[in-house]
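Working notes for the structure below.
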Amino acid sequence: MRKQRMILGGMLAAAMCAATGCSVATRLERQRAAAHLSQLTRAERQAQRQDYRPQVVRLQRDSNTFFLAPVDTLPDGERVMSLQIEQVTVVAKVRSVPERNGRVHLDFVVTLPKQLLGSSRSVVITPLLHKPDGTVPLEDLVIRGGRFSLLQERDYWQYETYVRRFRPDTLGREAAFQRFVKFPYPEDARLDSLVESRSTITYYYSQEVPTDETSKKMLITLTGKVQAVDDSAYRLPPSDTLAYLVSSMLSFVDTLPRYRIRVIDKYVTVEDRNYIRFFVGDTRVVDTLGDNGRELEKISGLMRRIIEQEEFYVDTITLTASSSPEGRYAFNERLSRGRAEALKRYLVRHYGRGIDTLLTVRWVAEAWPELMNRIRTDPALTNREAMLELLSAERNPDRRERLLRERFPREYAYLKEVIYPQLRSVDFRYNLRRKGMVKDTIHTTELDTTYARGVELLQRRQYARALYILNDYNDRNTVVAHLSMDHNERALELLSTMPSDAVTEYLRAIACSRLGRKAEGREHFLEACRRDERMEYRGNLDPEISELLKD
């Protein structure tokens, strides 16, 4: 349920009509009482420490020097946010608000005529946020008259006394609440401040609102209801409309497509590793042994796809079988060769004699280089350095394997159980040649679709997801994403590496404004205006640039 704000208005009861027996609806409809909505004045905003109203300034030139001069209207005649005449401030109904981390701060003043609030009444004001995709109610503002408040307190006292005495179950508690409490308290209520004058009640309202891709412009209106203890009610007439222009960094998004260089090679290599089990000391390929059936199907499937595709010629297919080091080296060499040739015969028999001339058979008696690499990177082996030193020093493979087994029995048991099976492999290497290509390499450009996705997310105000993609590019859009998430220090770091132009200078000014570095920020803003006079107009509408221009 939406949060609601509640103000106890008992102190106002003396100023209201004492007659509470008459119908609220009849009296208020006759008076056409209504709530009014307005932007904050300068004094009000400063009092609330929320002074976001932009100053209107114009760049003027004295010889070759630029300086800032305050003005009442913009050169094109656009309405100025406020105009102060003596001590009376007339506030317009349009204001720019800065976006930070996907949120904006909306604040305004609600003015109520005192005749709306009697001792026996409650006023509920609901600000409505209008966006292109629908209307969103904001937190309620609830003002209670003194007698109305006492009635609520009495009802709750009766309800709590009943529960304490009779201890009903959940259903009984709900029924008792409906019976005793005529006007429930708003949930999550909290006390806020108001200002009272002779004829009006003025309330400062502020709330943070999340933005989305439809949030370029936000409109605020009020709806309200006056309810009295006699059950009569009065719906407030429609209020004025306030407009907020969301000042975001999205106008600085670089929408130009980004391309990357792609190198197309004439010659391509495809490699694949498989594990075929054999009976001890045997070279026959048995497809029912272990996972051989699945491994053989994997080999045949890949070979079929490569040979039948139309983009490449297949120059050669190299089949290399290798063994683990246990046993005599000469026997392992004959075993690896026999298994490689047996596997070739199996593939020719099952796939067709067309691959007989493409297949080249090789074998590795004992895969010592791979064994050493696996020992070097396996944290389970605590004596890795000593084992590698032994393997490097001893050249005879049979003596090397025997010394490894004798000096490191515990580690050798781990090698034999975990690592040796990974050395009994069959590797395939497919050497392909692209059809119709004369040069060895061709350089072409292709659209960077990953970057385009990041820009799309940025424009949809999904800043965190956009930054996840754009963080690798470190360009202007990366800066925009950082600024949109209030990562101002990082944005300045990236901007310092980029060439200076009007946009980068303006973005530096924004980051400096947020970090409180006003003098530095003013210099960046003036430089942006020197390079592009359109930045002057943008600055007049940007609340964060106004922070730089106050002094």
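Throughout, read-outs are computed from the coordinates displayed, never taken from laboratory work. Here the structure is a predicted model, which means the values were calculated and not measured. Note that each Cβ is placed from the backbone with ideal geometry, even for glycine, and that neighbours are counted across all protein chains shown.
Cross-link pairs exceeding 19 Å between alpha carbons, from the set Lys131/Lys225; Lys131/Lys216; Lys518/Lys550; Lys266/Lys435; Lys298/Lys344; Lys216/Lys550: Lys131/Lys225; Lys216/Lys550.
Within the stretch 448-549, all pairs of alpha-carbon atoms sorted by distance into 5 Å bins from zero give the percentages 2, 15, 24, 21, 20, 12, 6, 1, 0.
Residues in the stretch 276-292 carry Karplus couplings, in order, of 9, 8, 10, 5, 4, x, 10, 10, 6, 8, 10, 6, 9, 8, x, 9, 4 Hz; the curve used is 6.51 cos²θ - 1.76 cosθ + 1.60 with θ = phi - 60°, and Gly or Pro positions show x.
In terms of surrounding Cβ atoms within a 10 Å radius of their Cβ, Lys439, Lys344 rank from fewest to most as Lys439, Lys344.
Residue ranges 380-393, 522-535 sort as 522-535, 380-393 when ordered by packing (mean number of other C-beta atoms within 10 Å per residue, highest first). Full extension of the chain between Thr382 and Asp472 gives 28.6 nm of extra length, using 0.36 nm per residue less the Cα-Cα distance. The per residue volume of the convex hull around the alpha-carbon atoms of the stretch 261-434 is 151 Å³. Relative to the Cα centre, the charge distribution of the stretch 261-434, modelled as +1 at Lys and Arg Cβ and -1 at Asp and Glu Cβ, gives a dipole magnitude of about 260 debye. Here the stretch 270-316 yields Rg over Rh of 1.09, to two decimals, using C-alpha coordinates and the Kirkwood radius. Measure out, as a whole number of angstrom, how far apart the alpha-carbon centroids of the stretch 455-479 and the stretch 528-551 sit. About 24 Å separates the Cα centre of the stretch 455-479 from the one of the stretch 528-551.
Less than 5 angstrom separates the built amide H of Ser96 from those of Leu245, all sequence-distant by 5 or more or on a different chain.
Residue order for Leu245, Leu106, fewest other beta carbons within 10 angstrom first, comes to Leu245, Leu106. Note on Met437, Met303: ascending count of other Cβ atoms within 10 Å places them as Met437, Met303, the fewest first.
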